[in-house]
1. Along segment B:22-29, what does the Karplus equation 6.51 cos²θ - 1.76 cosθ + 1.60 (θ = phi - 60°) give for ³J(HN,Hα), rounded to whole Hz, x for Gly and Pro?
2. So how far, in whole Å, is the C-alpha centre of segment B:30-70 from the one of segment A:14-38?
3. At A:Glu87, with labels set 7 Å past Cα in the Cβ direction, how many nm apart are the copies from this one, shortest first?
4. Could you pull the copy-to-copy label distances for A:Arg10, with points set 7 Å along Cα to Cβ, in nm to one decimal and sorted shortest first?
5. Taking the Cα centre of segment A:12-57 as origin and charging only Cβ (+1 Lys, Arg; -1 Asp, Glu), how large is the dipole, in debye to the nearest 20?
6. In whole Hz and in residue order, list the ³J(HN,Hα) couplings for segment A:99-105 that follow from phi through the Karplus curve 6.51 cos²θ - 1.76 cosθ + 1.60, θ = phi - 60°; x for Gly and Pro.
7. In nm, to one decimal, how far is the modelled label at A:Lys9 from the one at B:Asp31, with both set 7 Å along Cα→Cβ?
8. Let me check I have the definition right: for segment A:4-71, take the eigenvalues of the Cα gyration tensor, multiply each by 5, take square roots. What are those semi-axes in whole Å, largest first?
Number of protein chains: 2
Amino acid sequence: MLTIGDLSKRTGVKVPTIRYYEQMGLISEPDRSEGNQRRYSKADLERLAFIRHGRDLGLTIDAIKELISLSQHPDRPCVGADRIAREHLDDVRIKIAQLKRLEHELERIVSHCDGHSIEDCYVIRALSDHGLCDGQH
Amino acid sequence: MLTIGDLSKRTGVKVPTIRYYEQMGLISEPDRSEGNQRRYSKADLERLAFIRHGRDLGLTIDAIKELISLSQHPDRPCVGADRIAREHLDDVRIKIAQLKRLEHELERIVSHCDGHSIEDCYVIRALSDHGLCDGQH
DNA sequence: CCGATACCTCTAGTTTCTAGAGCTATATAT
DNA sequence: ATATATAGCTCTAGAAACTAGAGGTATCGG
């Protein structure tokens, strides 16, 4: 039996966040000690690790919920789980592309700004005037 | 003189968001019509375009505020503006690196999952078991 | 001058936590 | 057995950057 603090240390999920996940229905209400403190089993540990992993991968809480509910029907085909992962992959790729454009633009801005006065600062000018930008965003 | 709707159309910033920026002190309180509606000047349009542009680049509202205040002292050296852009560039690079690791992992997950049943679905298994991951995250 | 549309203020909700107040349980040291 | 330190409890509010809705008023085209 693990306390909430043990669980937190083992999974890297902060204590208030664990309580929050409980509130959101991601983990079920655990047993309690005589003094009303939460006591977790190994299954809870695994479930929380799953959630943590999903969140690290950027899945939303809703997506994780869906995956949990899918995983509780092991007989069904896993196209649902596959779809969630695939959709998320698409999102990730879009985000990377956006950020790369941004990186490119910030590089240009920074490299043009060599410590003169604000009056002709490239950072300010670039933000004021979209026309100075390289690509679209 | 532009109404808030005109301003919104020209900058692509939604009407409630413009009001929100005003509240946050990013734009100053504009003149009002006789009937108490906001009327904007061309200077306001430029300022809002600046803000929009900064937000598109992922700058926080605080960072933009800082840039605006810097730009109002054109005599000072622009190291401050340069620093903000540089720090942000660092953030962006970190985020890209994270997302790439993530992309990689999702690709692996998706490609291993070919529509069998949940029981041996790679998506679920990968989330449950960090050991199946390729890299660190 | 009527009616449609746009505007006004104010409040509350979104998402994913995080922080704090005020109080109680548990574990350890003496 | 008791004192103390740490960790736990609930509940509320805050952070970021908006977004949505309620209920009411201006403005403008026809």
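1. So the J values, rounded to whole Hz, are 4, 4, 7, x, 7, 10, 7, 5.
2. 44
3. In ascending order, 3.7 nm.
4. Result for A:Arg10, in nm, nearest copy first: 6.1.
5. On the way: 9 positive and 7 negative charges, 28 e Å.
Its charge dipole is roughly 140 debye.
6. With the stated coefficients, segment A:99-105 comes to 5, 5, 4, 4, 4, 4, 5 Hz.
7. Here the modelled spin labels are 6.7 nm apart.
8. Numbers: eigenvalues 84, 31, 21 Å².
Semi-axis lengths for segment A:4-71 are 20, 13, 10 Å.
Quick note: the coordinates plus some simple rules give every number you see, no bench work behind them. Worth saying up front: this structure is predicted, and the values here are computed from it rather than measured. Please note: Cβ atoms are built from the backbone with ideal geometry, for glycine as well, and neighbour counts cover all protein chains shown.
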